[in-house]
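Below: the structure, in structure tokens.
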Amino acid sequence: MMLIVPLLLAAACQRVDRETPVPLAAKADSAPATAAAAWTRVANGDPSIDSLFVITRDRGIREGLDSLDALAARDPAADGRGHELAHALGRFAAASRGDISILGECTPVFQSGCYHGALEGLFMRGATVDRASVGRICAPGGADKPGYERLECWHGLGHGLMVRFDGDHRQALPLCDALQTPRGRRECQDGIYMERAIRAIGASSTDAEGPAAQAHAGHGGGGHGEHGAGAEHGGHAASGPKTHSGKLSHTELGRLCAAEDARHQPSCWAYQPIALLLVHNDQPRAVLRGCDAAPTAAVRDCYQGFGKQYLGAMRGQVPPMIAACQAGNHAYTADCLMGGVEYFTDIEWNIEPGITFCAQVPVAAKDRCYTMIGERLALAHPARREAEAACHRVEAPYVQACLAGTRTRDM
């Protein structure tokens, strides 16, 4: 999940007692090396970044994230790397401690990077995984916990499984498919296919910067538009001829989803725009033609994924994104625009940027836009009355659409 947005999210993927940690049967001797790698590779000798890891080590991940927030406020370079640094701090903390309770200390700042990184860190320890243990990781958090925490946990689980299986999505998918709820399965699959697409363009979500950073911005954060080199193992799709840079060829990138079965096509195509933006040099019309070639059941997912990723490439600038969405099949323009709601609400689960976005979309898309805002409000607020009250901040003609969205609960 990285390209963006401050919303109303706040605390942990599940409710776990610090006194009763749930281990993942990791190899104990792998933890120090894994944690050290998560620190030194990202900090790379930068004292300001080093200090974040020291604080996380000595005072915990919550204070580490607070310190990252303060650093980003005064340092544009750190702000641009915010999601990746939150990932790295989550990986470091989880690899150091080695139990799931770390998720209860994450916050949604920097596109919930801590949640995603923590799951990666747990699996980087070499944990043995099976369907039962994976199914327990993102257990319900209770009536007082916002639903987005579980969503971010499921999405991070997909990334973590790809780390665990060294990018082989064929091994990772069955564990997502075994989750008990449709929403959990889809979010976990999304994490897998996002990681797969990032790796296919020559990066990994465990990289500190570069294309992985940019692609994650499309998930909910701050800037997945640049494409650089990095890890090249993309699982099943990564086998075959490469370009001179180590990435897949443009032909292969355009066919990442070709061999996927029908139930996985929507998730795969939701992140196919990461590859298509590279193939077509960020040209909206060409990318959306690629989306038009998706199976019928996945075209909408591709258009929405493009809207989200393109906003990241444009650093959150709304007018170019609206124009880009109108460059494709007009039957799917509104789907493309819904990627903006996802982008802006995922930044930190603060709903205000999403409301501001919906105020700018064409009238024909406003009803759907505010309905989706209502759905996101329901995830941000444990109490329905709080979500409903927030709906009264939207444009008056669309309050009812927002309220209808708050009644949609499919967790």
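Tabulated results
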{"read-out": "Taking all pairs of distinct alpha-carbon atoms in the stretch 312-411, Kirkwood radius in angstrom", "value": "13.5"}
{"read-out": "ARG285-ALA327 pseudo-label distance in nm [points 7 Å out on the Cα-to-Cβ vector]", "value": "0.8"}
{"read-out": "Total formal charge among the other residues, if their Cβ is under 15 angstrom from that of ARG263, Lys/Arg +1 and Asp/Glu -1", "value": "-2"}
{"read-out": "Local electrostatic count at LEU65 - Lys and Arg +1, Asp and Glu -1, tallied over other residues with Cβ under 12 Å", "value": "-3"}
{"read-out": "Carbon + sulfur, % of accessible area of the stretch 242-386 - ligands and nucleic acids excluded, 1.4 Å", "value": "51"}
{"read-out": "Whole-Å distance, taken between Cα centres, linking the stretch 348-377 and the stretch 168-205", "value": "27"}
{"read-out": "Ratio of Rg to Rh over the stretch 78-208 (Cα coordinates, Kirkwood Rh, two decimals)", "value": "0.93"}
{"read-out": "Efficiency of FRET between ALA364 and ALA73 - r from beta-carbon atoms, R0 35 angstrom, step 0.05", "value": "0.40"}
{"read-out": "FRET efficiency estimate (nearest 0.05) - Cβ-Cβ, ASP46 to ASP99, R0 30 angstrom", "value": "0.55"}
{"read-out": "Two-site label geometry, ARG263 and GLU395: point separation in nm, points 7 Å out along Cα→Cβ", "value": "4.0"}
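The values are calculated or read from the model by the stated rules, or taken from the named source; none is laboratory data. This structure is a prediction, so every number in the text was calculated from the model and none was measured. All Cβ positions, glycine included, derive from the backbone under ideal geometry; neighbour counts span all protein chains shown. For accessibility, only protein heavy atoms count, side chains too; no ligands or nucleic acids. Shrake-Rupley method; radii C 1.70, N 1.55, O 1.52, S 1.80 Å.
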